[in-house]
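Some notes on the structure that comes next.
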Amino acid sequence: MGRSTVSQLIARGKAENGYNNSGIDRDDAWVDFFNDALGDLVDDLQLRVPLSLTYDGSTRQIVLPSDFYGFAELYDQFGCPVRERPDYGSDLYWWPEGYFILDIGGNKVVDLYRYTSAQSFQGLYIRYPAYIPYTTVGLESFPEVPTVGEKALIFYAIGKALRNNNQMGQAQEYERLYELERKKIRNATARARGY
């Protein structure tokens, strides 16, 4: 991932922010905005993790990891792709086998529809980037963004703060800069995956 620690990014953000026109006056506010930006960049970062699920046939729902965002790919034990089911509300017989993601009691679960026998599933899931805690350790950690897109966190923070302070013209400029950095992250992710 990147080469700058959170505290280095905060220092760069303060320098970028110049005379502090955005109103970000505390380091914990910077960290909060950085965490919001990481949540916004999940689709761009595409942090993929292997996942094995064992389905015993008695219940359709399996609890997913706490950092689960979505499936990149999922295959049954025969190597056939398992698709997301388009409609959860009806149990009409013509819907093919598939999965549906539910949020139950604060946990993400996958509901495997129309699978009746025990089997295993393999795949990759996209995870949320690691949360940056506001501690001394958190300030010395490295956010999960590629080096080429580190400025995205800074531009996002300044843009949101300016918008919160009703400085729309300046906010829009930083949002534009954020979108340019976001494209760099998407390109870096695609290159890293061989596309």
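The values are calculated or read from the model by the stated rules, or taken from the named source; none is laboratory data. Since the model is a prediction, treat every value here as computed from it, not as a measurement. Positions of Cβ are generated from backbone atoms using ideal geometry, with glycine treated the same way; all protein chains shown enter the neighbour counts. Ligands, DNA and RNA are stripped out before the accessible areas are found, and what is left, the full protein with its side chains, is counted by its heavy atoms. Shrake-Rupley method; radii C 1.70, N 1.55, O 1.52, S 1.80 Å.
Here are the numbers for the structure shown:
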{"quantity": "Rounded accessible area of Ser52 (nearest 10 Å², 1.4 Å probe)", "calculated": "80"}
{"quantity": "Positive-end residue, the chain charge dipole about Cα centroid, Cβ charges, pick of Gly79, Pro50, Val145", "calculated": "Val145"}
{"quantity": "Axial C-alpha extent at least 18 Å, average Kyte-Doolittle at least 0.0 - helices from the chain (DSSP)", "calculated": "150-164"}
{"quantity": "Accessible surface of Tyr115 - all protein chains present, 1.4 Å probe, nearest 10 Å²", "calculated": "20"}
{"quantity": "Lysine pair number, Cα distance threshold 16 Å (strictly under), the chain, separation 8 or more or different chains", "calculated": "5"}
{"quantity": "Alpha-carbon centroid distance for the pair the stretch 118-195 / the stretch 28-55, whole angstrom", "calculated": "9"}
{"quantity": "Residue of Gly13, Gly169, Gly105 that the Gaussian network model of the chain assigns the largest fluctuation, springs spanning Cα pairs under 10 Å", "calculated": "Gly105"}
{"quantity": "Gaussian network model of the chain, springs between alpha carbon atoms under 10 Å - residue of Ala152, Ala118, Ala29 with greatest fluctuation", "calculated": "Ala118"}
{"quantity": "Residues of the chain: accessible area per residue with a 1.4 Å probe, Å²", "calculated": "54"}
{"quantity": "Carbon + sulfur, % of accessible area of the chain - ligands and nucleic acids excluded, 1.4 Å", "calculated": "51"}
